[in-house]
1. What ranking, highest mean first, results for peptides 130-143, 207-220, 49-62 when packing means the other Cβ atoms within 10 Å averaged over each residue?
2. Which FRET efficiency value, to the nearest 0.05, is calculated for residue 59 and residue 168 with the Förster distance at 51 angstrom and r the Cβ-Cβ distance?
3. Each label point is 7 Å from the Cα along the Cα-to-Cβ direction; what then is the distance between the points at residue 51 and residue 77, in nm?
4. Taking the Cα atoms of the range 13-52 alone, what are Rg (to one decimal) and Dmax (as a whole number) in Å?
5. Can you compute the modelled spin-label distance between residue 85 and residue 203, with each label point 7 Å from Cα toward Cβ, in nm?
6. Between residue 43 and residue 10, what FRET efficiency follows from the Cβ-Cβ distance if R0 is 22 Å, with the result rounded to 0.05?
7. Can you give the FRET efficiency to the nearest 0.05 for residue 191 and residue 152, using r as the Cβ-Cβ distance and R₀ = 22 Å?
8. Figure the gain on full extension for residue 3 and residue 109 (residue separation times 0.36 nm, minus the Cα-Cα span) and round it to one decimal in nm.
């Protein structure tokens, strides 16, 4: 379960409470006819609020046709009912297998994250492309979950994609050199004396101008696998993709 909080004026809060209460009581009173309403008044209040927020339209028409998205990472064996490994709800954390299957079963569409087994093209564009493509951006949002700066929990969907080793310093557009940073944290990283290094497992190691160290970790351990595509007479081996790119981190610019 989760909590949704709002900070608003007293008069608006009072009016919202009154409207939700009136609608909930109206539903409860309708139990005199079929089908009989079995939900309690507190349950009806919650359901009314959820329906209004997800499907309601403002007086100006804002919200018509707009639907909220829920991103869930589900292991394929769990989806098939052959495993009880939990899924991951973005911005929340692990969810039980049954809930993950239910969400997947009612989803109108799927966003698939596919990694080419030979080239890993979805995850790396090297120095040929600065702009992060949508597929890679989506993968990073699922991996990070939120802003990767120490102490910040802004959603990854609302963040910029930052090159840990700056592009102008030779950094590559590759998953192991990218992370989500909100605009404020992005500015702090590039315009102050903070230094950042990304580890093989996606951990960001921050060093403050005062020399103190902080580490932030990915929300989800998504480890892509890339085959070594170079011709060889030996059996194909697997690269340790967390070691890409192999570039020494320059000291902080300031």
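1. Details: 130-143: 17.6, 207-220: 13.4, 49-62: 10.6.
Descending packing order for the listed peptides: 130-143, 207-220, 49-62.
2. Working: r = 48 Å, r/R0 = 0.95.
Between residue 59 and residue 168 the formula returns 0.60.
3. Label-label distance for residue 51 and residue 77, simple model: 4.1 nm.
4. Taking only Cα atoms of the range 13-52, I get Rg and Dmax of 10.2, 33 Å.
5. My value for the distance between the label points is 2.2 nm.
6. Once the sixth-power term is evaluated, E becomes 0.25.
7. Details: r = 16 Å, r/R0 = 0.73.
The pair residue 191/residue 152 has a calculated efficiency of 0.85.
8. On the way: separation 106, 0.36 × 106 = 38.16 nm, distance 2.65 nm.
Difference between extended and current length: 35.5 nm.
Read-outs: derived from the displayed coordinates by stated rules, not from any lab. This structure is a prediction, so every number in the text was calculated from the model and none was measured. Here Cβ is always computed from backbone atoms with ideal geometry, including for glycine, and neighbour counts include all displayed protein chains.
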